[in-house]
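First up is the structure itself, then whatever we jot down about it.
The values are calculated or read from the model by the stated rules, or taken from the named source; none is laboratory data. What you see is a predicted model; the values in this text were computed from it and never measured. All Cβ positions, even for glycine, are placed from backbone atoms using ideal geometry, and neighbour counts span all protein chains on display. Keep in mind that these areas ignore ligands, DNA and RNA; they rest on the heavy atoms of the full protein, side chains included. Shrake-Rupley method; radii C 1.70, N 1.55, O 1.52, S 1.80 Å.
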Amino acid sequence: DALSFPLSGALLAYLAGVDGAETLTVHILGPEPAAELRCRRKWLAMLAALPHVRSLRLLFCGPRVPARLDGVAEELVLTEASGGGGAGSGGGGRGAGGRLSLAFLRGDYHHRRPEAPAKFGQEQLAIAFHPGLAEHAADWAPSLRPLLRRGTPVGLTA
């Protein structure tokens with residue numbers, strides 16, 4: 001169950017046509033502490049599932065990002081032990097050695113996005129896992145509208 005978020009993210013990158021980028025920047029909107037933010041190493045699985053991506057940058061932004069993570073940036077390296085594969089893995093891409101960069105901002109995305117670290121600034125994909133749009137469409141509109149205006153692919157799960 002823990003891998004459903006990163007593997008869904010990889011699938012959404014594929015469906016959006018951004019999975020072939022060497023560097024991929026994804027903004028995760030409205031992450032929950034007990035879901036997307038729990039055991040952050042699980043996001044290495046998204047990098048492992050995208051064989052052409054050498055550097056995956058994930059910005060987690062939402063009002064439920066814990067205060068202790070606000071403004072924090074981390075970097076993890078994909079190794080064979082963490083799912084990087086390597087020679088003969090069949091991926092045809094990077095294998096071990098890919099880089100996963102994570103950054104965290106607490107608050108509404110439309111207010112905090114301008115504060116994203118420079119390398120996380122231009123998203124190629126935005127994802128909201130289980131956003132509850134049916135009940136909260138008006139709350140999400142200020143964050144989703146600019147993304148859609150820029151032509152950024154937005155993945156939403158139910």
Query raised in the report: For residue 85, are the conditions met, namely being under 23 Å from residue 8 (Cβ atoms), surrounded by fewer than 16 Cβ atoms within 10 Å (Cβ to Cβ) and modelled with pLDDT under 95?
Result: no
Requested in this report: Could you grab the pairs with beta carbons closer than 6 Å, sequence gap of 6+ or different chains, first residue in the stretch 134-158 and closer than 21 Å to residue 122 by Cβ, second one assigned to a strand (DSSP E or B) and small (Gly, Ala, Ser)?
Outcome: 147/126; 152/126; 154/126; 156/128
Query raised in the report: With respect to residue 64, is the statement that it is modelled with pLDDT of 95 or more and more than 18 Å from residue 130 (Cα to Cα) true?
Result: no
Query raised in the report: For the stretch 96-152, what are the residues that are in a helix (DSSP H, G or I), out of contact with any strand residue (DSSP E or B) (no Cβ under 7 Å at 6 or more places or on another chain) and open to solvent by 70 Å² or more (accessible area, probe 1.4 Å)?
Result: 111, 114, 118, 134, 135, 136, 138, 139, 145, 149, 150
Query raised in the report: Among the residues of the stretch 1-37, how many are within 18 Å of residue 153 (Cβ to Cβ), not aliphatic (A, V, I, L, M) and not in a loop (DSSP other than H, G, I, E, B)?
Result: 8
Report summary line: Screening 30, 20, 9, 62 for residues that are small (Gly, Ala, Ser), surrounded by 13 or more Cβ atoms within 10 Å (Cβ to Cβ), closer than 19 Å to residue 116 by Cβ and without any contact (Cβ under 8 Å) to a residue 60 or more places away in the chain leaves only 62
Query - Evaluation of residue 53 against (1) at pLDDT below 95; (2) closer than 21 Å to residue 18 by Cα (one fails), failing number - result: (1)
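Taking the residues in the stretch 33-49 that are of a type outside the set (Asp, Glu) and in contact with a strand residue (DSSP E or B) (Cβ under 7 Å, 6 or more places away or on another chain) as candidates, determine which candidate is surrounded by the fewest Cβ atoms within 10 Å (Cβ to Cβ).
Taking the stretch 33-49 as the starting set, the residues that turn out to be of a type outside the set (Asp, Glu) are 33-35, 37-49.
Next cut, in contact with a strand residue (DSSP E or B) (Cβ under 7 Å, 6 or more places away or on another chain) only: 37, 40-41, 43-44, 46-47.
Details: 37: 20, 40: 16, 41: 13, 43: 23, 44: 20, 46: 25, 47: 27.
My answer is 41.
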